[in-house]
Structure formats: structure tokens, C-alpha cells
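Heads up, the thing below is written out as C-alpha cells.
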Amino acid sequence: MSDAAKLYQVWVYLQAEPLFWLTLTIGAYLLADRLYRASGLFPLLNPVAISIILVSTCLINFGVEYERYFDGAKFIHFLLGPATVALSIPIYLNWNIVVGAKKAIVTSVLLGSLFAIGITYAIAVILQLDLVTTKSLLPRNVTAPIAMGISEIIGGVPSLTAIITIVTGIIGAALGTFVLDLFRIKNMAARGFAFGLASHGIGTARAMAKDKEAGVFAAVAMGLSGIVTAAIIPLAFFIIRDFL
């Protein structure tokens, strides 16, 4: 048997093992994170985006179905919930700082969440998207576990919502620094809050990597925007359901 045939047999065996896909996912992220840190945290080299590209390239080139991959990597998906809840720890440790800015926080979360929902709906109308797709897009600005739950409640497609949510987070984390610098926003609390509000978990992770205070306010923004959005969108569809 040739070496190529032996390697192929090894590959066939490995891709049938769920642990292989979990290892591939973690390995891709570690490689992407190393590249990100080596670049001095350059925004466009976001490790989530790079790891998605690496894993996707592997799946496409070897013709692996997503369901097979997810069977192995779903443990990471499960950890999204606990990881989101764990963000309460830095908030608790810096509770006095958060309470001191409560008025600005509440105002920003309400206006930011309403704007995100409104602009998403406006784009959907302009592009003449169908109702199911529109429902799937509306929760895109909150963290994936919450967004998928909202999407399911209002009749959207949770899997589509997850994809759009991740893309939103990647774009926000990659371009957020440039936008904030353009508007000369230097306060780290404000920068972190903007990241958490606009690009949820991925933006929060970036804020925490840059500055402790920014990370705390990013976590606050992400958590509160999730609560507000989870209340507004289902309520709005409940009120207007007879007109749809």
C-alpha cells in the first residue's frame, strides 16, 4: 500500500471520530489567537474570524458535512451559555464602578438596542426580505445563545440567526477600533461599552484583551442588551401579530 493510501485511511478514520473535530476547532483557534497576538492585536486579524476560515476551508476541501463536524464540536457550542454567564464575575468585582455610571448605561442600552433592531428591520424592508428571514435577522445584535432563543420564539430560523450574529460580532470587533478612533472616543469605559453593545461576545472578548475597565463595561452592555432585546422583539411581534 502506498504512503498516500495509508494517509487517506488515517484521514478517513480521524474524521469519523468526534474528538478530531473538537481538536481541530481548538487548534485552529489557538493558531489564530497566536497570529492575532503576534500582530499586536491588529483588529482585522480577529482570532474568531481566522479560526472560522481555517475550519471552513478544511471542511470544504475534504467534503465534510457540517452535521458530522458539529457532532464533534458541539461541546464548544454548549459552553457558550456558561461562558456568557461567567462574564458576571468581572461585573461583580467592579460593581461600584458600574453603579456609578448607571444612568448612562441604561440610556445607552435602550437607545442602542432600539437602533440596532430598527436599522436591521429597515435594511430587511429595503432588500425586500421575506418575513421568516427578517425575523431571523432582528436579534443579530445580541450574543448567540440569546439571539437564537429570540429567533425561535418569534418564528425565525435559529441556525441562520447564529450565522448572522457571529458575522455581526466579527465585523464589529474588527472595525470597531477604527470607528471609535475616527470619532476620537478615548474613554476606555465608553469604548468597551460600544464593543459589548455592537458586537456582543466577540467584541467583549476583544475589549477584555485590551483593557480591564473596557472589558467590564463591554460585559455589562452585552448582558443588558440581551435582556432588553429579548423583551422588546417578542413583545413587538405579539402586539403586531394580527397585522402580519
Notebook entry, point to check: If one puts a single equal scatterer on every Cα of region 99-244 and applies the Debye formula without solvent, what log₁₀ I(q)/I(0) results at q = 0.10, 0.11, 0.16, 0.19 Å⁻¹?
Noted result: -0.33, -0.39, -0.80, -1.07
Next item on the list: Mind checking region 66-165 for trypsin sites (Lys or Arg not before Pro) that DSSP puts in a loop (not H, G, I, E or B) and that have at most 13 other Cβ atoms within 10 Å?
Entry: none
Note to self: I'd like to check one number: the per residue accessible area of region 41-119, probe 1.4 Å, reported in Å² as a whole number.
What the structure shows: 66
Margin query: For the chain, report the % of Cα-Cα distances exceeding 22 Å.
Written below: 58
Next item on the list: Rounded to the nearest 10 degrees, what's the angle between the helix 66-78 long axis and the longest principal axis of the chain, both from Cα atoms, 0 to 90?
Entry: 50
Check: On a 0 to 90 degree scale, rounded to 10, what angle separates helix 188-210 from the longest Cα axis of the chain?
Finding: 50
Check: Protein chains only, probe 1.4 Å: how do 133, 23 rank by accessible area, largest first?
Finding: 23, 133
Margin query: With a cut-off of 8 Å between alpha carbons and a minimum separation of six or more residues, what is the relative contact order of the chain in percent?
Written below: 17
Next item on the list: At a 1.4 Å probe radius, which order do 99, 216 fall into by accessible area, largest first?
Entry: 99, 216
Item checked: Debye-sum result for region 46-117 in log10 I(q)/I(0), which assumes one identical scatterer on each alpha carbon, at q = 0.17, 0.18, 0.22 Å⁻¹ -> -0.88, -0.91, -1.03
Notebook entry, point to check: Of all the accessible heavy-atom surface of the chain, with the other protein chains kept in place and a 1.4 Å probe, what percent is carbon and sulfur?
Noted result: 72
Item checked: Solvent-accessible ranking of 222, 148, largest area first, probe 1.4 Å -> 148, 222
Notebook entry, point to check: When only Cα pairs under 8 Å and 6 or more residues apart are kept, what is the percent relative contact order across region 105-225?
Noted result: 22
Notebook entry, point to check: Just how far, in whole angstrom, is region 177-226 from region 76-139 if you go by their alpha carbon centroids?
Noted result: 12
Item checked: the chain, helix-only ellipticity at 222 nm - DSSP H runs n ≥ 4, -39,500 (n - 2.57), divided by all residues, nearest 500 -> -27000 deg cm²/dmol
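The values are calculated or read from the model by the stated rules, or taken from the named source; none is laboratory data. Since the structure is predicted, the reported quantities are computational estimates derived from the model, not experimental observations. Note: ideal-geometry Cβ built from the backbone for every residue, glycine included; neighbour counts use all protein chains shown. With ligands, DNA and RNA removed, areas are computed over all heavy atoms of the protein, side chains included. Shrake-Rupley method; radii C 1.70, N 1.55, O 1.52, S 1.80 Å.
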